Amino acid sequence: MKTRIRYIWEQLRSTYWFIPTAMVVGAVALAVGSVLLDRALQGAGMERLRMIYPGGPEEARAFLSTIAGSMATVAGVIFSITMVTLSLATSQFGSRLLRNFMRDTPNQVVLGTFIAIFVYAVLVLQTISGVEGRIFVPQISLTIGLLMAVFGLAVLIYFIHHISTSIQAENVIADVGRDLDNAIDRVFPEQREERAAGTEARAGSREPATSEEPGRTIPAATTGYLQAVDQEGLINLAAKRDLVLRLNHRPGDFIVAQSAIAEGWPAEEVDDDVVELVNDAFILGARRLRLQDVEFAINQLVEIAVRALSPGINDPFTAIACIDRLGASLAHLAERDVPPASHPDRQGKVRLVTKVLTFSGVTDAAFNQIRQFGRTSVAVTIRLLETLAVVAAYARSGDQRAAIRRQAEMTWHSANEALPEERDRKDVEERYQLVLRTLKQEQGGVA
């Protein structure tokens with residue numbers, strides 16, 4: 001259930017209608033409340049409040065009409081600027097980064113602000129009465145409208161600043177890097193010292209003998225990218241039916257309908273209801289999401305770097321910035337353990353076996369394509385090796401050090417084959433030796 005709620009919230013955040021709609025609802029409530037307050041204070045009490053808005057009905061109508069017209073115009077201009085910005089971002093960074101710009105909360109708030117002010121002004125405008133004997137000028141509501149108009153001007157200035165900085169390559173890379181760190185925190189939630197306390201408790205969880213007898217294959221109901229898996233729901237289902245489930249895919253994989261997404265033991269207990277419930281725990285869609293998919297955020301940074309290294313753009317500095325961010329995230333990941341593949345229920349019996357993402361797989365996803373496309377760039381190759389040396393300083397296990405060493409060796413070999421200048425190859429050799437020395441020091445420190 002928690003996974004489903006987070007998925008729905010992630011979908012809502014990526015729309016351009018949710019926050020503006022919520023703000024419009026708030027504007028309607030504010031308009032109704034302020035008008036009711038004006039009516040409640042109408043009479044002798046309002047004479048003491050006339051200094052808030054001393055004008056008459058005609059002036060009030062003209063005032064609100066001006067606010068409503070200007071807010072509608074500004075909202076249209078902001079929408080047009082946003083669409084142009086999204087178009088530029090798509091052409092420069094790739095269509096997969098379009099979702100990051102659509103998730104930009106400040107842009108949604110700015111658009112919602114002007115629509116909300118427009119709705120507020122129109123609603124209050126309908127309540128003004130200038131007929132003799134029934135004159136009603138909502139002075140408090142008009143004053144609130146004035147304050148909202150001034151606030152809208154400040155928001156417009158902020159929007160111009162924000163939209164001009166949000167499409168700068170460094171800021172885009174930093175935002176994607178933060179998304180990657182957040183994804184690492186969700187998928188790898190426990191640090192080493194925190195994991196040590198629970199190691200003994202997990203040791204009593206016996207691995208299920210799923211390979212000793214055939215299980216029932218559970219086919220996928222639809223086709224799409226696996227966006228998230230409700231592991232808690234699957235564990236509860238398996239405990240309730242006394243089953244053991246093994247998943248064949250992890251978030252980010254593409255699943256074809258009727259292919260095997262999971263297997264269940266014992267086979268005779270996996271009925272059609274279980275098959276349907278297991279499929280309900282898999283959230284599939286037309287695109288990948290960062291909710292449980294660490295490699296998706298990595299691929300976004302890799303895409304920016306590879307585009308920057310293309311002959312048509314030839315921007316190694318953007319690629320280097322992506323390498324720096326990837327290195328920082330890998331260093332963050334190196335301090336955490338790989339989550340266990342086996343997940344027990346409350347009684348300690350293993351109920352769910354999942355595919356886990358390893359440090360080696362993340363390292364390959366981060367650097368393989370950049371190394372391949374940047375093998376002829378001395379600056380990119382040197383920064384790759386320098387970044388691997390930084391990550392090596394955080395490595396704490398033999399598997400991590402082996403992954404870093406393998407990546408450094410491939411980078412070194414590629415450079416020797418692609419770089420014609422001997423002194424360039426010497427510079428690369430120095431950074432490669434730096435990686436090896438760092439790995440040796442860390443291995444000695446751990447030992």
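The values are calculated or read from the model by the stated rules, or taken from the named source; none is laboratory data. Keep in mind that what you see is a predicted model, and the values were worked out from it rather than measured. Cβ placement follows ideal geometry from the backbone for every residue including glycine, while neighbour counts extend to all protein chains displayed. Protein only, heavy atoms only, side chains kept; ligands, DNA and RNA dropped before computing areas. Shrake-Rupley method; radii C 1.70, N 1.55, O 1.52, S 1.80 Å.
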Hey, what's the per residue convex hull volume over the C-alpha atoms of segment 316-358, in cubic angstrom?
-> 83
Tell me which residues come under 5 Å, amide H to amide H, from residue 261 once H is placed; ignore anything under 5 positions away on its chain.
-> 218, 220
Rounded to whole Hz and in sequence order, give me ³J(HN,Hα) for segment 154-167 from the Karplus expression 6.51 cos²θ - 1.76 cosθ + 1.60, θ = phi - 60°, writing x for Gly and Pro.
-> 5, 5, 4, 4, 4, 4, 4, 5, 5, 5, 6, 9, 6, 9
Could you sort 11-17, 418-424 so that the peptide with the highest average Cβ count within 10 Å comes first and the rest follow in order?
-> 11-17, 418-424
If you build a Gaussian network model of the chain, linking Cα atoms that sit under 10 Å apart, which residue out of 363, 127, 223 swings the most?
-> 127
Accessible area (Å², per residue) of segment 226-280, counting only protein heavy atoms and a probe of 1.4 Å | 45
Coarse-grained scattering of segment 346-414 at q = 0.15, 0.16 Å⁻¹, given as base-10 log I(q)/I(0) from a Debye sum over alpha-carbon atoms = -0.53, -0.58
Dividing the convex hull volume of the alpha carbon atoms of segment 266-333 by its residue count, what do you get in Å³ per residue?
-> 136
Report ³J(HN,Hα) in whole Hz for each residue of segment 345-355, in order, from the Karplus equation J = 6.51 cos²θ - 1.76 cosθ + 1.60 where θ = phi - 60°; Gly and Pro get x.
-> 8, 5, 8, x, 8, 5, 10, 9, 10, 10, 8
Take segment 305-447, compute every pairwise Cα distance, and split them into 5 Å bins from 0; I just need the percent in each bin.
-> 2, 10, 18, 19, 17, 12, 8, 6, 4, 2, 1, 1, 0
Out of residues 5 or more away from residue 338 or on other chains, whose amide H comes under 5 Å of its own, with H placed 1.01 Å from N in the peptide plane?
-> none
Just need the relative contact order of segment 244-391 here, percent rounded to a whole number, with Cα pairs under 8 Å and 6+ apart.
-> 28
Going toward the positive end of the dipole of segment 237-355, with +1 on Lys and Arg Cβ and -1 on Asp and Glu Cβ, which of 255, 338, 353 do you reach last?
-> 338
How large is ³J(HN,Hα), in whole Hz, for each residue of segment 230-246 in order, when computed from phi with the Karplus curve 6.51 cos²θ - 1.76 cosθ + 1.60 and θ = phi - 60°, using x for Gly and Pro?
-> 7, 5, 4, x, 5, 5, 5, 5, 5, 5, 5, 9, 6, 10, 10, 10, 10
Using Cα pairs under 8 angstrom and six or more residues apart, how large is the relative contact order of the chain, in percent?
-> 14
Nearest-0.05 FRET efficiency for residue 258 and residue 147, computed from C-beta distance (R0 60 Å) = 0.50
Which order do 88, 352, 98 take when ranked by solvent-accessible area (1.4 Å probe, heavy atoms of all protein chains), largest first?
-> 88, 98, 352
What part of the accessible area of segment 291-447, given as a whole %, is carbon or sulfur when the probe is 1.4 angstrom?
-> 49
Could you give log10 I(q)/I(0) at q = 0.09 Å⁻¹ for the chain, computed by the Debye formula over C-alpha point scatterers of equal weight, without solvent?
-> -0.78
